[in-house]
Amino acid sequence: MKSVETFDAVVIGAGPSGCACAIILAQQGRRVLVLERETFPRYHIGESLIPFTYPALERLGLIPKLRASSFTKKYSVQFVAPSGRASQPFYFFNRYDRDSIAQTWQVLRSEFDSMVLEHTREHGVEVREASEVVEFLKEGDRVVGVTVRGPDDIAYDVRAAITVDATGREAMAATRHAWRRGDPKLNKVAVWTYYEGALRDEGIDAGATTVAFIPGKGWFWYIPQHNNRVSVGVVADGKYLSRDGVKDPKTIFHREIPQNKWIESHLASGTCTEEYWLTAEYTFRSEYCATDGLLLIGDAYGFLDPVFSSGLMLAFKSGVLAGDAIHQALSAGDCSADQFDAYSRVMHEGMENMRKLVYAFYDPNVSFRTLTDDHPHLQGPLTDCLSGDVNRDFSELFEAFSKYTTLPGVLPYGFPKNSAQALGNPVSSALPSVAARG
Ligand SMILES: Cc1cc2nc3c(=O)[nH]c(=O)nc-3n(C[C@H](O)[C@H](O)[C@H](O)COP(=O)(O)OP(=O)(O)OC[C@H]3O[C@@H](n4cnc5c(N)ncnc54)[C@H](O)[C@@H]3O)c2cc1C
């Protein structure tokens, strides 16, 4: 006989989205269990935060811990042409409050995720590591919990009014139910590694994210971290990166370095200290965000090309929104799919707005610089969307983009199953403003 335990909510995955959701529920007195397959610290990609991660981090009480940490402070982003010519850095404090939104961090995920996990435990959440969820428990179509395989390899059941899928890009619910929908135009490949001793810029530029272009093909990220470490990766179409039959990540990476003179010169003084990682086909959305008793958050709900580093912002935001929505649903005694309609519309709108900018970025006919030279008053909205303030009305901005490119149509995915309201009215006007502008 398998043993059975009961909680208000069970969260699968202790990444940023799962922990955020669990903390919000625990703050409201709910009994939450988080199940994590790995034992932390564990490696993870996704190391650069953007300014509008701040409101969620503040709500979760993580800002004092981040301020006391060794993580590199990030004040700006810059873009570099293949020739090596760098743009003027964009400093967030030129638009946002210096004491909150305008400074963010470059993190090492093994350390950052462990910090968030400990913080989650401090809120009274029970977190079990080395505990893999192997099955959803169902009564008819309703999800009523999960089956877990613990560290001793013994399986047991956990029942809860709501099960939260925060399994990251593995997207357990979307994969098992065949809800995973790719985005063919954003079907890129990323190859990355880490350097020590590579060149860092001076002063407040030392923690800047650099996006360095490869002629017409793709881009490098260059993310300075603490301990003299730099995360560096290249993203482009798979066909281009593997041309002439090259498949080995190390060979792919080193072949691209000379394609950008800034990257070449910055890496010249450094030593590659770690293995080479490769991932492919990563942009997707789940057809549904909820069924009765089940809610999807973070990357398990949808993942967008990382060019604008939006992943952690969306993960934390979805975790916080989901925590509030679940608390309300539990209070109403109704965790059916429709309870998560408002949650889905906020996440859908935010991802769609960011996705339009990602499409524009990859169109060689589009220059963000030209757009803002032609329409100086759109510099502000463009900056807001890129900084992660994604639930706003950007119709004028997108109208201006459509003179240079065809922006993608809205994806009809990511709403609750059974919801009659899929693709309802935009939500931006109904949302409180989270931005503190300086
Ligand atoms: C190449 C690349 C570059 C990126 N760069 C950035 C960046 O610069 N900035 C940024 O903000 N984002 C970036 N991202 C995105 C970022 O990594 C994610 O958006 C973020 O980690 C999502 O958090 P999450 O909590 O949803 O999922 P995750 O952080 O992936 O956490 C999911 C957790 O679930 C656990 N899990 C999975 N299956 C099970 C199971 N069956 N049972 C129990 N546990 C399970 C996993 O072990 C994991 O710990 C990048 C992504 C890629 C691919």
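What the table below lists for this structure:
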{"read-out": "Condition check for Val77: within 16 Å of the ligand (Cβ to nearest atom), among the aliphatic types (A, V, I, L, M) and touching a Cys at 6+ places or on another chain (Cβ under 7 Å)", "value": "no"}
{"read-out": "Given (1) closer than 22 Å to Gly46 by Cα; (2) in contact with a strand residue (DSSP E or B) (Cβ under 7 Å, 6 or more places away or on another chain); (3) open to solvent by less than 10 Å² (accessible area, probe 1.4 Å), number of the condition Ser318 does not satisfy", "value": "(2)"}
{"read-out": "Tabulated pairs, the range 221-233, first farther than 12 Å from Gln106 by Cβ and more than 12 Å from the ligand (Cβ to nearest atom), second part of a strand (DSSP E or B) and among the charged types (D, E, K, R), C-beta under 7 angstrom, 6+ apart or interchain", "value": "Asn228/Glu196"}
{"read-out": "Per-region count, the range 10-41, residues within 15 Å of the ligand (Cβ to nearest atom) and open to solvent by less than 40 Å² (accessible area, probe 1.4 Å)", "value": "21"}
{"read-out": "Residue selected from the range 239-263 under the condition part of a loop (DSSP other than H, G, I, E, B) and charged (D, E, K, R), by the criterion most open to solvent (accessible area, probe 1.4 Å)", "value": "Lys247"}
{"read-out": "Residues of the range 42-60 classified as within 17 Å of Glu122 (Cα to Cα) and either open to solvent by 20 Å² or more (accessible area, probe 1.4 Å) or near the ligand (Cβ under 6 Å from one of its atoms) (or both), total", "value": "2"}
{"read-out": "Strands (runs of 3 or more DSSP E) wholly inside the range 264-327 that include at least 3 residues being more than 14 Å from the ligand (Cβ to nearest atom)", "value": "288-291"}
{"read-out": "Qualifying residue in the range 19-41 (condition: among the charged types (D, E, K, R) and within 21 Å of Asn227 (Cα to Cα))", "value": "no"}
{"read-out": "Subset tally (residues that are without any contact (Cβ under 8 Å) to a residue 24 or more places away in the chain and surrounded by 23 or more Cβ atoms within 10 Å (Cβ to Cβ)) for the range 61-75", "value": "0"}
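To keep it simple, each residue is scored yes or no on (1) in a helix (DSSP H, G or I); (2) over 22 Å from the mean Cα position of the chain (by Cα); (3) modelled with pLDDT of 95 or more; (4) closer than 20 Å to Ser76 by Cβ.
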position: Asn365; (1), (2), (3), (4): no, yes, no, no
position: Asp393; (1), (2), (3), (4): no, no, yes, no
position: Glu396; (1), (2), (3), (4): yes, yes, yes, no
position: Ala400; (1), (2), (3), (4): yes, yes, yes, no
position: Tyr404; (1), (2), (3), (4): no, yes, no, no
position: Asn418; (1), (2), (3), (4): no, yes, no, no
position: Ser429; (1), (2), (3), (4): yes, yes, no, no
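The values are calculated or read from the model by the stated rules, or taken from the named source; none is laboratory data. Owing to the predicted nature of the structure, the values given are computational and were not obtained by experimental measurement. Backbone-built Cβ (ideal geometry, glycine too); neighbour counts: all protein chains shown. Calculation scope for accessible area: heavy atoms of the full protein, side chains included, ligands and nucleic acids excluded. Shrake-Rupley method; radii C 1.70, N 1.55, O 1.52, S 1.80 Å.
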